[in-house]
Amino acid sequence: KSAAIYGNKSYRLSAETMAQRGNTRGAVDLLPKTKVEIEGINQILSPLDYRVQTFTKQQGTEESVKSLDGHSPSILHFATHGFVDRSSNDVMQQSGLILSYGARAWEGKQIPENTEDGILTAAEIAALDLSETDIVVLSACNTALGEITTEGVWGLQRAFKQAGVQTIVMSLW
């Protein structure tokens, strides 16, 4: 039994930039309660013999999520910012999670060399093999939103299902 928990990151994206991207929730600011959230999850899972790995600050990169490909944890928890960006024509590029360095990349500012942009899109998630993951928790805004078609809702929920996750907990706001 294992768990990977993402949270407690620093963000520096202005409310104006977020509004231009179609996000009405405000700036990508520090989420101070995510530290308490991931510590609480760790306290619950550790006595149950879960191997818990936490990804905080600069450790919670896009690369760290993609490294789970093919050997994913039983539980995957994201306490971060979610987004829906309706400016893209590709529905699987319209939604995602903001990870380490993501706010800087979104603002067009420099990010460390040899790192991805920190914006994990639904398309990138769908390409992963997370078939070992029983549950993913998306403790982030707008994670249940997506493009409604005759085939269902396309967005993060579809991406995690395509990646093989059994159960998804997400929110609309």
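The values are calculated or read from the model by the stated rules, or taken from the named source; none is laboratory data. None of these values were measured; they are calculated from a predicted model. Cβ: placed from backbone, ideal geometry, glycine included. Neighbour counts: every protein chain shown. Note: accessible area is taken over every heavy atom of the protein model, side chains too, but ligands, DNA and RNA are not part of it. Shrake-Rupley method; radii C 1.70, N 1.55, O 1.52, S 1.80 Å.
Output wanted: per-residue J couplings in Hz (rounded whole) for segment 89-100, from phi through Karplus 6.51 cos²θ - 1.76 cosθ + 1.60, θ = phi - 60°, x for Gly and Pro.
7, 8, 4, 7, 9, 7, 10, x, 10, 9, 10, 3
Which whole-angstrom value gives the distance between the alpha carbon centres of segment 64-112 and segment 32-51?
The two parts, judged by their Cα centres, are 22 Å apart.
Mind putting a number on the dipole of segment 81-173 about its Cα centre? Charges go on the C-beta only, +1 for Lys and Arg and -1 for Asp and Glu, and I need it in Debye to the nearest 20.
About 280 debye.
Step through the table entries Lys1/Lys33; Lys66/Lys161; Lys33/Lys161; Lys35/Lys57, compare each Cα-Cα distance with 22 Å, and write down the pairs that go over it.
Lys1/Lys33; Lys33/Lys161
Would you kindly state how much longer the chain becomes between Gln166 and Ser67 on full extension, computed as 0.36 nm times their sequence separation minus their alpha carbon distance, in nm to one decimal?
Contour length minus Cα-Cα distance gives 33.7 nm.
Would you calculate a helix-derived [θ] at 222 nm for the chain, using -39,500 (n - 2.57) for each DSSP H run of n ≥ 4 and dividing by the full residue count, to the nearest 500?
Using -39500 (n - 2.57) per qualifying helix, the result is -6000 deg cm²/dmol.
Roughly what % of DSSP beta bridges within the chain run antiparallel, to the nearest 5?
40 percent
Tell me whether segment 89-173 comes out rounded, prolate or oblate; compute the Cα gyration tensor, take square roots of the eigenvalues as a ≥ b ≥ c, and use a/c under 1.5 as the rounded threshold.
prolate
Could you report the accessible area of Arg86 in Å², rounded to 10, computed with a 1.4 Å probe on the protein chains as they sit in the structure?
Its accessible surface works out to 130 Å², give or take rounding.
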